[in-house]
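Undergrad: One structure, as structure tokens, below. Some questions next.
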Amino acid sequence: MTTQQLIEQIKIKKSFLAVGLDVDLDKIPKHLLELEDPIFEFNKAIIDATHDLCVAYKPNTAFYEAYGIKGWMSLQKTINYINETYPDIFTIADAKRGDIGNTSSMYAKAFFEDLNFDSVTVAPYMGKDSVEPFLAFENKHTIMLALTSNEGAFDFQTLTVDGKELYKQVLETSKTWKNCENLMYVVGATKAEYFTEIRKIVPDSFLLVPGVGAQGGSLSEVCKYGMNANVGLLINSSRGIIYASNGTDFAEKARAEALKMQQEMEGIISLKF
Ligand SMILES: O=C(O)c1cc(=O)[nH]c(=O)n1[C@@H]1O[C@H](COP(=O)(O)O)[C@@H](O)[C@H]1O
């Protein structure tokens, strides 16, 4: 999917919501556990109930890898289901990869070619040659960690290096890399006060913003400081939506939570377009 197509979807749906598909067998409704592939059945129900309210789905691969080969198959069935049934939805493999160049190339193939995700999250720690192999794929997007939502973000990301905070160095340096137009960045919703500074460095880039809902970040604060002329934000909520209920009404309750977020987003977008 191109960035322009993503922007069009945001305008059509009046939403910039990314629903996180972080499936934990201990948290999903018990009746699903009797089915052959509970993870896929859970995802399918959530996707069918929320697809008109969101523009993206973000399965975090940890929640699939934890169940071994069966988990990986559930991930494959989930991405295939989204691509076949709702092809206008942007898909994010939240895998936080990155390695020496030839290894990164294989990670990129796994997520962009084999699984056919639109995007993958990567860590910047290993630098240019660990990220550029991802950027080489046309109409695919690489979402690099900039300032993360967790407490540990302050361990390294905000340290001053050569007179500038490290997350700013990461943003600035990444703009010099080949095919950097394929980059998006992760900025945690719990760090809303940093968005103004971040927008000075990457005014036009899309930002994936996790941390609303279960982690306590504020949607309105993020929008106030982080939104650009094309919205430029994908706001993720995982647990706050998918675990709204663990009864047989789980999909309905997930829809209700997604709807609340979409309506808040519609209110904000309507002032813009
Ligand atoms: O890259 C991410 O998506 C990510 C980055 C970050 O800084 N913080 C963060 O929470 N995430 C992911 O976003 C999701 C947040 O889930 P909830 O807190 O349940 O909404 C999880 O899949 C996290 O792994």
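The values are calculated or read from the model by the stated rules, or taken from the named source; none is laboratory data. Note that the structure is a prediction, hence the values are computed from the model and not measured. Here the Cβ positions follow ideal geometry from the backbone for every residue, glycine too, while neighbour counts run over all protein chains shown. Accessible surface is based on the protein model in full, side chains and every heavy atom, while ligands, DNA and RNA are left aside. Shrake-Rupley method; radii C 1.70, N 1.55, O 1.52, S 1.80 Å.
Undergrad: From a point 7 Å beyond the Cα of Glu193 in the direction of its Cβ, which residues of region 220-255 have a backbone N at a distance under 15 Å?
TA: 221-222, 225
Undergrad: Residue by residue through region 53-69, which ³J(HN,Hα) values in whole Hz follow from phi under the Karplus form 6.51 cos²θ - 1.76 cosθ + 1.60 (θ = phi - 60°), with glycine and proline marked x?
TA: Residue by residue, region 53-69 yields 9, 10, 10, 8, 10, 10, x, 8, 5, 4, 6, 9, 4, 4, 9, x, 4 Hz.
Undergrad: Would you kindly derive the ³J(HN,Hα) couplings of region 174-187 from the backbone phi angles with the Karplus curve 6.51 cos²θ - 1.76 cosθ + 1.60 (θ = phi - 60°), listing them in order in whole Hz, with x for Gly and Pro?
TA: Values, residue by residue: 5, 6, 9, 7, 4, 6, 5, 5, 8, 8, 10, 9, 8, 9 Hz.
Undergrad: Using θ = phi - 60° and the Karplus relation 6.51 cos²θ - 1.76 cosθ + 1.60, list the HN-Hα couplings for region 14-27 in order, rounded to whole Hz, with x at every Gly or Pro.
TA: 6, 8, 10, 8, 10, 8, x, 9, 9, 8, 10, 4, 6, 10
Undergrad: Moving on. With +1 assigned to the C-beta of every Lys and Arg and -1 to the C-beta of every Asp and Glu, and no other charges, what is the dipole magnitude of the chain about the Cα centre in debye, to the nearest 20?
TA: The calculated dipole for the chain is roughly 540 debye.
Undergrad: Taking H as built 1.01 Å from N, whose amide H comes closer than 5 Å to the amide H of Asp22, not counting residues under 5 places away?
TA: Asn60
Undergrad: Now for a different question. Please give the helix 38-50 orientation as an angle from the longest Cα principal axis of the chain, in degrees from 0 to 90, rounded to the nearest 10.
TA: Result, in degrees: 80.
Undergrad: Once you charge only the Cβ atoms, +1 for Lys and Arg and -1 for Asp and Glu, what is the size of the charge dipole of region 141-205 about its Cα centre, to the nearest 20 debye?
TA: The dipole magnitude comes to about 180 debye.
Undergrad: Moving to a separate point now. What is region 82-207's relative contact order, in percent, from Cα pairs under 8 angstrom and six or more apart in sequence?
TA: With pairs under 8 Å counted, the relative contact order is 21 percent.
Undergrad: A follow-up question, please. Can you tell me, using C-alpha contacts under 8 Å and at least 6 residues apart, the relative contact order of the chain as a whole percent?
TA: 22 percent
Undergrad: Another question, if that's okay. When the accessible area of region 3-267 is split by element with a 1.4 Å probe, what percent falls to carbon and sulfur?
TA: In region 3-267, the share of accessible area belonging to carbon and sulfur is 51 percent.
Undergrad: Amide H neighbours of Thr148 under 5 Å, counting only residues 5+ apart in sequence or on other chains, H built in-plane at 1.01 Å?
TA: HN-HN under 5 Å from Thr148: Gly188.
Undergrad: Show me 140-151, 100-111, 83-94 ranked by packing, highest mean number of other Cβ atoms within 10 Å first.
TA: Top of the packing list down: 140-151, 83-94, 100-111.
Undergrad: Another question, if that's okay. Between Lys272 and Phe156, what is the label-to-label distance in nm when each label sits 7 Å out along the Cα-to-Cβ direction?
TA: In this crude label model, Lys272 to Phe156 measures out at 3.1 nm.
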